[in-house]
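Quick notes on the structure that follows.
Coordinate-derived values only; no laboratory data. Just so we're clear, the structure is a prediction, and the values are computed from it rather than from any experiment. Note: ideal-geometry Cβ built from the backbone for every residue, glycine included; neighbour counts use all protein chains shown.
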Amino acid sequence: MLAKAVGPSARVIGIDSSQEMVEQACKRAEGLSAVEVELGGVHTLPLDDVSIDRAGTDRVLQSVTDPA
């Protein structure tokens, strides 16, 4: 899990377009203070511009209607 790989001053933000998946991720991340889970989409990320240093993706294309 990324939360264990980052330093103590970092935070990990998980974003999913499914409310059900967000709820499951929140349960899995209970007790991990560096983890935030947000509802959002690849075209509507709930983040301010230049607010992150690194990004990772997993299974994004299955959620994108038009990846072009």
When Arg28, Arg59 are ranked with the fewest other C-beta atoms within 10 Å first, the list becomes Arg59, Arg28
Burial-style ranking of 9-15, 62-68, average other-beta-carbon count within 10 Å with highest first, yields 9-15, 62-68
